[in-house]
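Here's the structure, in structure tokens; my notes come after.
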Amino acid sequence: MARRNLNDLLAFVTVAREGSFTRAAATLGVTQSALSQAIRGLEDRLQIRLLTRTTRSVAPTAAGDRLAQAIGHRFDEIEAELDALTALRDKPAGTVRITCGDNVLRTVLMPKLEPLLHKYPDITLEFDMNYGFRDIVADRFDAGVRLGSTIDKDMIAVPIGPPLRMAVVASPGYFEHHPKPKTPQDLTSHRCINQRMPTSGGLYVWDFSRRGKQVNVRVDGPLIFNTAPPQVDAALAGLGISLLPEDELGRHLLDGSLVRVLEDWCPPFAGYHLYYPSRRQPSPAFTLVLKALRFDANDAR
């Protein structure tokens, strides 16, 4: 039996994932014309259409989607096994791709990984700043970072930081003109800084808990953002009350430029976790990254 051309299958999987011949060609390091020719050849041999092409986009057909789902992770496994061969070298090497938010990159990931980069100069770290929940398998990331330990099926979650708390804050100037809220319900009469959720597209509902009592509050105000840094800036400017993880507020809580309220309504919750596919064989480089990031409660004491 004649062997099938695996290069054409890899070309198809890459186009299906990227949704673009241009991006897929850049990823594979080939020309768009060569890539298009490879896809046409594969479709001709299989005698079935795998991709639907328009002037603006490329998407798999039903048959193409079935093929991509069936073989895509196989290429990932092959690539991971090839990366694992670097264990035979004196120094681990390769690229580790992580999707995360900018704050956790600055406060957790880089401080812990900087010594690793000095010790293993052949390791490359690539970070994707994204507040949404990326499909790390489809987008070919080695891992992602999110708050909390709740993860999707077939994923492993490893804590990389201590438990956190939410903080309700505003500037001293804001509270000079508005009474401090004493209960979560009081927030409905305040100017609050809202957040648009990257996953659902809806506004974040502020939730609180104290002695087993759960309270959800829908707030209103002059500003809506989809990331944390501008919310901090708006609170500092006296434009309203913000609700954010306390680690996003840093020194502002310490120097008094932001005042915290309703602290007894904000219990601790699971902090940052690194998550990655359970079925993927980790490369030596990723194993070292995981070891460097893993949170040890004894170190926090």
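Each value in this text was obtained by applying a stated rule to the coordinates, not by laboratory testing. A quick note: this is a predicted structure, and the numbers were derived from the prediction, not measured. Counting neighbours? That spans all protein chains shown, and the Cβs are built from the backbone with ideal geometry, glycine included.
Extent of region 166-265 along each principal axis, from alpha carbon coordinates, in Å, largest to smallest?
Here the spans come out as 32, 30, 25 Å, largest first.
Taking θ as phi - 60°, what are the ³J(HN,Hα) couplings along region 223-230 by the Karplus curve (6.51, -1.76, 1.60), each to the nearest whole Hz, with x for Gly and Pro?
Here the 3J(HN,Hα) series is 9, 9, 10, 10, 9, 7, x, x Hz.
Once the other residues with Cβ under 12 Å from the Cβ of Gln37 are scored (Lys, Arg +1; Asp, Glu -1), what is the net sum?
Within the 12 Å Cβ shell, the charges total -2.
At 0.890 mPa s and 25 °C, plugging the Kirkwood radius over alpha-carbon pairs of the chain into Stokes-Einstein gives what diffusion coefficient in µm²/s?
Reported coefficient: 109 µm²/s.
Counting only residues 5 or more places away or on other chains, whose amide H sits under 5 Å from the amide H of Leu223 once H atoms are built in the peptide plane?
Counting only residues 5 or more places away or on other chains, the set is Asn194.
In whole Hz, what ³J(HN,Hα) sequence does region 181-193 give by Karplus (6.51, -1.76, 1.60; θ = phi - 60°), x for Gly and Pro?
x, 9, 9, x, 5, 5, 5, 5, 9, 10, 7, 10, 9
Just to confirm the number: angle between the C-alpha axis of helix 32-46 and the first principal axis of the chain, 0 to 90 degrees, nearest 10?
Helix 32-46 sits at roughly 70 degrees to that axis.
Give the long-range amide H neighbours of Thr99: residues separated by 5 or more places, or on another chain, with amide H under 5 Å away, using H modelled in the peptide plane at 1.01 Å from N.
Asp128, Ala143, Gly144, Val145
Give the average over all directions of the projected area of the C-alpha convex hull of region 6-75, one decimal, in nm².
Projected area, direction-averaged: 4.2 nm².
Got a sec? Charge dipole of the chain, +1 on Cβ for Lys and Arg, -1 for Asp and Glu; which of Phe286, Leu116, Phe21 is way out at the positive end?
Phe21
Once amide H atoms are built 1.01 Å from N in the peptide plane, which residues 5 or more positions from Gly240, or in another chain, come under 5 Å H to H?
When sequence neighbours closer than 5 places are left aside, the close amide H contacts are Ser171.
Provide the per-residue ³J(HN,Hα) series for region 258-267, in order, calculated from phi with Karplus coefficients 6.51, -1.76, 1.60 and θ = phi - 60°, each as a whole number of Hz, with x at glycine and proline positions.
For region 258-267, the Karplus-derived couplings read 10, 9, 8, 10, 6, 4, 6, 9, 10, x Hz, x marking Gly and Pro.
Please report, in debye to the nearest 20, how large the charge dipole of region 26-73 is about its Cα centre when each Lys and Arg carries +1 at its beta carbon and each Asp and Glu carries -1 there.
100 debye
Treating the angle as unsigned and between 0 and 90°, give the value, to the nearest 10°, between the Cα long axis of helix 6-18 and the longest Cα principal axis of the chain.
Roughly 30 degrees between the two axes.
What angle, in degrees between 0 and 90 and rounded to the nearest 10, separates the Cα long axis of helix 62-84 from the longest principal axis of the Cα atoms of the chain?
Compared with the principal axis, the helix lies near 90 degrees.
Restricting attention to region 179-218, which trypsin sites (Lys or Arg not before Pro) occupy a DSSP loop and are surrounded by at most 14 other Cβ atoms within 10 Å?
Lys182, Arg211, Arg218
If you place +1 on the Cβ of every Lys and Arg and -1 on the Cβ of every Asp and Glu, how big does the dipole about the Cα centre of the chain come out, in debye to the nearest 20?
So the magnitude is around 540 debye.
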